[in-house]
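In what follows, a structure is listed as structure tokens, so that the remarks can point back to it.
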């Protein structure tokens, strides 16, 4: 039976919390419990290469891709440009003399080598000279992290901390002086906490809800925008900008909404919610966009789903609201008039909507077992999930480029 590869890109940030690279996590449907097989890896990498043909998948960032000894022996890394790939290897490669010889060859050709999940062992010390980066797993409670970091620094190797999934592991990684970090906590970090709960208490987020409804009411939207002089001014400035190149100036909110259309209006309003805070990393905004689109695309495929497609979109988009406002997610959601199913899903991941939200988070984290279990419970065929993921990546990147282009014209 033909298998379906699951592939997700997980951001790696530098010490300034700027996006540096993506690790490509992959596994095949029939290999969920064993992602190390060469057949699974080869098929997943083939799928990845096809996605590289799609502009913007990696957004001009470097890809960390795991290579087994078998893939190194087949010279698979040579299908990537050396400046676009970090060859990631596990400890088993260190025990394979031929694979290590090939890794050294690739390094001489300009590829960087990252050793993932290294545990201190004196017999591996000589092999460390052949790598550029050492990735330390911060999910494991081991006393060897300090020793590994000390060795890495002494040998001039960069340290990448992965599984940084909470504030505690983040501070532990900072204390070790790591250069790069990846994990679920990193994706939600902001340079400075942004206190904007008063923004929620205005009608702005009610406007966000209004434009994302399946049966959006333009009269309601016009009324909400017209209440806010700042929004009215920004909207009229937008539609009269060079981006639209209209023959005659637009002078009313109603005319502006007709020109913009619901699709572009949704995009503009969402970007506007972040616009005043230029320090918010684009990756943070894109993560909200991605979750929103992924939830919305999977909603029609789920059986007995108590929320609509537009509510699923809001569920994904508002999942980062607590981090954005530096309050608990419960407090942030309490200011909004949204479905109780959505609130329950975001706070507890319970119920059918909670299973959908959990599926999206599991996929984002590369937790293929959790994702498959939630998909089965929802009656979603796992064969379509990766396809929907790639479609959403393309949508988010195209939308982002369009928003930035639109905004630059104002």
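The values are calculated or read from the model by the stated rules, or taken from the named source; none is laboratory data. Model, not experiment: these values are computed from the prediction. Don't worry about glycine lacking a Cβ; one is built from the backbone with ideal geometry, like all the others, and counts go over all protein chains shown.
The criterion of at least 1 residues that are under 12 Å from residue 116 (Cα atoms), more than 20 Å from the chain's Cα centre (by Cα) and modelled with pLDDT of 85 or more is met, among strands (runs of 3 or more DSSP E) falling completely within the range 132-184, by 133-137, 158-162. When the range 185-203 is filtered for residues that are modelled with pLDDT under 70, assigned to a helix (DSSP H, G or I) and either under 23 Å from the mean Cα position of the chain (by Cα) or under 23 Å from residue 310 (Cα atoms) (or both), the ones remaining, listed by number, are 199, 200, 201. What number of residues within the range 357-366 satisfy the criterion of being more than 17 Å from residue 313 (Cα to Cα) and either crowded, with 24+ Cβ neighbours inside 10 Å or out of contact with any helix residue (DSSP H, G or I) (no Cβ under 8 Å at 6 or more places or on another chain) (or both)? Number satisfying all stated conditions: 1. When the helices (runs of 4 or more DSSP H) confined to the range 1-112 are screened for residues that are surrounded by fewer than 17 Cβ atoms within 10 Å (Cβ to Cβ) and at pLDDT 85 or above, those reaching at least 3 such residues are found at 97-108.
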